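First the structure, in the form of structure tokens, and then the observations on it.
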Amino acid sequence: MKFGLSTLFGRNLWLIVCLIVLGQLVNALAYAQFVARPRLQQSAEATARSLQAVAEGMRLLPEAERAGFVDRFNARAGSGQQQRLLERPTWVERGFLAELATQLGLERGELPWRREANGLIAVQLPGAPIWLVLPAVQPAHHFARTWLIASGASALLALLGAWLIQRRINRPLARLVDAARAVGAGQRRLLLPTDGPAETAALARGFNDMAEALARDEEERLLMLAGLSHDLRTPLAKIRLASELLRGSFDRAGQGDRELLDTLDRSLHGLDGLLTQFLDYARAAHPAEQELPAVDVELREFLAETLALAPGLPQPVLANGQAVHRRARPQALRRLVLNLIANAQNHGAPPIELACGENAGAAWIEVRDRGPGIAPARVDDLKRPFQRGDTARGGKPGSGLGLAIVERIARAEGAELRLMPRDGGGLIARVSWSGS
């Protein structure tokens, strides 16, 4: 799953992370300002009063007893307390020493201090050559460390919860994206689950209704084209029969315009091919067509069989190669190859070659010719319906559906159509799959 800022999941997750981190920082500042600092001030104030009382009491003692009093005071202050020997004071100790200096009437950093053997801190009172051990400030430090650990744990739990919540929200959106891509590839019979929150369920129902409407439109379009083809082919057959009868009568009578009859036959043949291409284009994305099961196809043997069905001239040849297996729908794949052959015959030049192969698990089929090729800027245009390539490739005029049919079938088969220049001149039309 992607976490980049270009995805909704990533943006929401990072926004939640930033809000949690910002909340923890505000919480830390509030703790330092309203909890830790007042505690240090109170502790420093109490310690300063104790030190001042000790200093006042020492002035009342005889000088011979002062050293013993200091030793007993320090022993009592460090009794049962042991800390780690640190070269530098912790941030709690630094704050405590600064507050203590302020309470004793000194500037921050002017109070002399040293680390004792037991890890406690001793300070030297102003004007007195004695060192007094301070009570440990470790409890406050322990509290701060506990608070930091608790805050970090709560932040991690919050991040985990945010990730789980966002992942739950993002899952139906990811399904919708995959379904939309499938519809764009030509699939129509797709149904998203309508469970979950009301908003995502409504979105799924809307998508299902749209997919169903598209499927109905595809079916109605195919029925319309099939009916149109039937209605037109019946009179076309009659016209073709009448043309043949006229040709026979003219031959017997020794008169008639043969050139006119040849033009009529070519027009009838072109109309019949145009109707076939319309049907192929509609059938390529028809739901019933996509429901046909895919079977294992040996591509080289399949291409050899398809060559026998290829009409027109020049006749293609099958290039040498190894056997390649791929799961596909044979009828749709045959229409794809025949349309590529027809495109090469009409707009390319011999020799026309068919080839198949496999590279790193990716199977491919190629139709190669030695025609003028296609300008790179026109490749994408010629994959769209009714885009004629006469200006780019020359040759016979067509309906502009040949490559559009190939593109539609390829997408429905999970493949990609690429039109590439051929070394030495010509065009390579390659249909490739990402994996077997």
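Data table
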item: Any chance Ala53 is more than 30 Å from Ser151 (Cα to Cα) and modelled with pLDDT under 75; result: no
item: Enumeration of residues in region 170-196 that are open to solvent by 70 Å² or more (accessible area, probe 1.4 Å), in contact (Cβ under 8 Å) with a residue 24 or more places away in the chain and aliphatic (A, V, I, L, M); result: none
item: Which numbered condition Asp390 misses (of (1) of a type in the set (D, E, K, R); (2) under 36 Å from the mean Cα position of the chain (by Cα); (3) modelled with pLDDT under 85); result: (2)
item: Qualifying residue in region 7-15 (condition: at pLDDT below 80, under 31 Å from the mean Cα position of the chain (by Cα), under 30 Å from Arg171 (Cβ atoms) and not in a helix (DSSP H, G or I)); result: yes
item: Residue within region 94-102 that is under 30 Å from Ser151 (Cβ atoms), open to solvent by 80 Å² or more (accessible area, probe 1.4 Å) and of a type in the set (Lys, Arg) present; result: yes
item: Breaking point among (1) at negative phi; (2) within 39 Å of the chain's Cα centre (by Cα); (3) modelled with pLDDT under 90; (4) surrounded by fewer than 17 Cβ atoms within 10 Å (Cβ to Cβ), for Arg408; result: (4)
item: Residue list for region 197-225, restricted to those being among the small types (Gly, Ala, Ser) and surrounded by fewer than 17 Cβ atoms within 10 Å (Cβ to Cβ); result: Ala198, Ala201, Ala202, Gly206, Ala213
item: Yes/no for Ala64 being assigned to a helix (DSSP H, G or I) and either touching a strand residue (DSSP E or B) at 6+ places or on another chain (Cβ under 9 Å) or open to solvent by less than 50 Å² (accessible area, probe 1.4 Å) (or both); result: no
item: Among residues of region 179-234, those that are assigned to a loop (DSSP other than H, G, I, E, B), of a type in the set (A, V, I, L, M, F, W, C) and modelled with pLDDT of 80 or more, counted; result: 2
item: Those strands (runs of 3 or more DSSP E) lying entirely in region 306-375 with at least 2 residues closer than 16 Å to Ala415 by Cβ and open to solvent by less than 30 Å² (accessible area, probe 1.4 Å); result: 353-359, 362-369
item: Unmet requirement for Ala44, which otherwise passes all of (1) among the aliphatic types (A, V, I, L, M); (2) in contact with a helix residue (DSSP H, G or I) (Cβ under 8 Å, 6 or more places away or on another chain); (3) at pLDDT below 80; result: (3)
item: Evaluation of Leu148 against (1) modelled with pLDDT of 75 or more; (2) open to solvent by 90 Å² or more (accessible area, probe 1.4 Å) (one fails), failing number; result: (1)
item: Pick from region 92-142, criterion outside any loop (DSSP other than H, G, I, E, B) and of a type in the set (Val, Ile, Thr), ranking: modelled with the lowest pLDDT; result: Val92
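To keep it simple, each residue is scored yes or no on (1) at pLDDT 75 or above; (2) surrounded by 14 or more Cβ atoms within 10 Å (Cβ to Cβ); (3) part of a helix (DSSP H, G or I).
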| position | (1), (2), (3) |
| --- | --- |
| Phe250 | no, yes, yes |
| Asp262 | yes, no, yes |
| Ser267 | yes, no, yes |
| Leu271 | yes, yes, yes |
| Ala282 | no, yes, yes |
| Glu289 | no, yes, yes |
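Here is a yes/no grid of residues against (1) free of Cβ contacts under 8 Å to residues at least 60 places away in the same chain; (2) more than 23 Å from Tyr281 (Cβ to Cβ); (3) among the small types (Gly, Ala, Ser):
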| site | (1), (2), (3) |
| --- | --- |
| Leu333 | no, no, no |
| Leu336 | no, no, no |
| Gly357 | yes, yes, yes |
| Arg370 | yes, yes, no |
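The values are calculated or read from the model by the stated rules, or taken from the named source; none is laboratory data. This structure is a prediction, so every number in the text was calculated from the model and none was measured. We place every Cβ from the backbone using ideal geometry, glycine too, and count neighbours over all the protein chains shown. In case anyone asks, the SASA skips ligands and DNA or RNA and just uses the protein heavy atoms, side chains included. Shrake-Rupley method; radii C 1.70, N 1.55, O 1.52, S 1.80 Å.
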